[in-house]
Amino acid sequence: MKVAGVESLGADHAEAVALAVLDAAYLYRTTKPSAAPAPALAKVSVVADDKEQAKALGTGLARGSAIGNGVTLAREMANRPGNLCTPSHLATEAKRLGREFGLKVEVLDQKAIQKLGMGSFLAVAQGSEEPPRFIVMHYQGGKARQAPTVLVGKGITFDSGGISLKPGEGMDEMKFDMGGAASVLGTMRAVAELKPAVNLVGIIAATENVPSGMAVKPGDVVNSMSGQTIEILNTDAEGRLILCDALTYSERFKPAAVIDIATLTGACVIALGAVRTGLFSPDDGLASALQAAGDAALDPCWRMPLDDEYDEALKSNFADMANVGGRPGGSITAAMFLKRFAGKLRWAHLDIAGTAWKSGAAKGATGRPVGLLTHYVLSQKA
């Protein structure tokens, strides 16, 4: 029944219902057998006034269910401890998704990564006994020649800071430092379930960042896949070191757009808190599309500046650039670092350090920004 002055239910409302139901039903149990049983829900009914509305509600429920399943996967991956969710574990999960949804999945081992010349990525990995993995997933729903969207996820499965060691308090939460990788897995799952007429590539650079006698040191200079050299002033600024090689790798797909997703900087948490993801892009059209997708998904972001003057902080006397530019504007200089490797790309960077997980009594992964990313990909349908 339609009531004057009251908005009729539509696809967006139905999507929100499905997301709320799946959020309420999720309970982490993988390493906690004593956890209470997950809430059981027998049925959810959404009533339509007519066939047109029923169709819209059906579309919204399907979209919300797919996104919710993707969010659940991202939360589950990020919630698992670092001794379980290793780079190899992420690769295994990607292969499982490939079998379930017909995705093409490639997993490159350390030897293959070395052959590609990813010296920056490998510099981060060299301190750990857990072997790195470079994961590439393909969803082919569009025409063969249709340029894909490429998602690049930071997959640091545990970040101690390396030789630039983090304080002990709260270090357990650094298992969440692969939230970008988790969101790529979740988005690939959501898109594969919805089957839109788009092409999508998901890339995950996965490793640990830990100290050892083999670990990279402050002052070391490494060669990136792009040929640019990097002076590593702080080994705890490692996410950008793995992402830069992944961005260079993404060029081979001749993408329509490349979006990297990373729990990159504490500075972004200071700037935006836990409400909005930080969005950085020199492309106004791409930035606007991502902001619109975030608003539609109730997974908002906020565009941050990329003025050329910020790049001055990355100058080095011993390499083409330094990997950090000091505390002022730290999230911006991190994005400026990545921008140096995205010159051939239509590129955006999402800093999810404030939105990927919650601390305190509600500690756990949020699954963001799977909703934002899925809405963006769906908006690219031909």
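The values are calculated or read from the model by the stated rules, or taken from the named source; none is laboratory data. Because the structure is a prediction, the values reported are computed rather than measured. Please note: Cβ atoms are built from the backbone with ideal geometry, for glycine as well, and neighbour counts cover all protein chains shown.
One residue stands out in the stretch 278-310 among those that are in contact with a Gly (Cβ under 7 Å, 6 or more places away or on another chain) and within 27 Å of residue 344 (Cβ to Cβ): the one that is surrounded by the most Cβ atoms within 10 Å (Cβ to Cβ), namely 301. When residues in the stretch 74-94 are screened for being in contact with a helix residue (DSSP H, G or I) (Cβ under 7 Å, 6 or more places away or on another chain), part of a helix (DSSP H, G or I) and over 19 Å from residue 191 (Cα atoms), 1 of them pass. Determine whether residue 205 is within 23 Å of residue 140 (Cα to Cα), in contact with a helix residue (DSSP H, G or I) (Cβ under 9 Å, 6 or more places away or on another chain) and not acidic (Asp, Glu). Against the criterion (within 23 Å of residue 140 (Cα to Cα), in contact with a helix residue (DSSP H, G or I) (Cβ under 9 Å, 6 or more places away or on another chain) and not acidic (Asp, Glu)), residue 205 qualifies.
Residues in the stretch 173-209 that are within 15 Å of residue 240 (Cβ to Cβ) and either at pLDDT below 95 or in contact with a Pro (Cβ under 7 Å, 6 or more places away or on another chain) (or both): 207 only. Within the stretch 33-55, is even one residue touching a Gly at 6+ places or on another chain (Cβ under 8 Å) and assigned to a loop (DSSP other than H, G, I, E, B)? No, the stretch 33-55 contains no residue that is touching a Gly at 6+ places or on another chain (Cβ under 8 Å) and assigned to a loop (DSSP other than H, G, I, E, B). Of all the listed residues (363, 315, 358), the sole one being without any contact (Cβ under 8 Å) to a residue 40 or more places away in the chain, basic (Lys, Arg) and surrounded by fewer than 19 Cβ atoms within 10 Å (Cβ to Cβ) is 315.
In the stretch 96-124, the residues that are farther than 16 Å from residue 242 by Cβ reach residues that are among the β-branched types (Val, Ile, Thr) and at pLDDT 95 or above with C-beta atoms within less than 6 angstrom, at least six apart or across chains, in these pairs: 98/105; 106/136.
Of all residues in the stretch 116-148, how many are closer than 29 Å to residue 83 by Cβ and either of a type outside the set (Gly, Ala, Ser) or assigned to a helix (DSSP H, G or I) (or both)? Count: 19.
Among the residues examined, residue 30 qualifies as among the β-branched types (Val, Ile, Thr) and surrounded by fewer than 19 Cβ atoms within 10 Å (Cβ to Cβ).
Does any residue of the stretch 138-146 turn out to be touching a helix residue (DSSP H, G or I) at 6+ places or on another chain (Cβ under 9 Å), buried (at least 24 other Cβ atoms within 10 Å of the Cβ) and under 26 Å from residue 364 (Cα atoms)? Within the stretch 138-146, not a single residue is touching a helix residue (DSSP H, G or I) at 6+ places or on another chain (Cβ under 9 Å), buried (at least 24 other Cβ atoms within 10 Å of the Cβ) and under 26 Å from residue 364 (Cα atoms). Residues in the stretch 116-132 that are surrounded by fewer than 22 Cβ atoms within 10 Å (Cβ to Cβ) and of a type in the set (Gly, Ala, Ser) were compared, and the one that is nearest to residue 214 (Cα to Cα) is 119.
State whether one or more residues within the stretch 80-96 are at pLDDT 95 or above, under 30 Å from residue 16 (Cβ atoms), of a type outside the set (A, V, I, L, M, F, W, C) and in contact with a Ser or Thr (Cβ under 9 Å, 6 or more places away or on another chain). Yes - at least one qualifying residue is present in the stretch 80-96.
Quick grid of which residues meet (1) hydroxyl-bearing (Ser, Thr, Tyr); (2) closer than 23 Å to residue 220 by Cα:
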{"position": "281", "(1), (2)": "yes, no"}
{"position": "285", "(1), (2)": "no, no"}
{"position": "290", "(1), (2)": "no, no"}
{"position": "294", "(1), (2)": "no, no"}
{"position": "299", "(1), (2)": "no, no"}
{"position": "333", "(1), (2)": "yes, yes"}
{"position": "352", "(1), (2)": "no, no"}
{"position": "360", "(1), (2)": "no, no"}
{"position": "367", "(1), (2)": "no, no"}
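The number of residues in the stretch 176-218 being crowded, with 23+ Cβ neighbours inside 10 Å, assigned to a helix (DSSP H, G or I) and of a type in the set (A, V, I, L, M, F, W, C) comes to 9. In the set 56, 48, 20, 16, only one residue is in contact (Cβ under 8 Å) with a residue 60 or more places away in the chain and surrounded by 13 or more Cβ atoms within 10 Å (Cβ to Cβ); that residue is 16.
Filter the stretch 308-331 down to the residues that are of a type outside the set (Val, Ile, Thr), under 22 Å from residue 216 (Cα atoms) and in a loop (DSSP other than H, G, I, E, B) and list them by number. Scanning the stretch 308-331 gives 315, 316, 317, 318, 319, 320, 323, 325, 326, 327. Taking residue 71 as the residue in question, decide whether it is in a helix (DSSP H, G or I) and surrounded by 15 or more Cβ atoms within 10 Å (Cβ to Cβ). So residue 71 passes the test.
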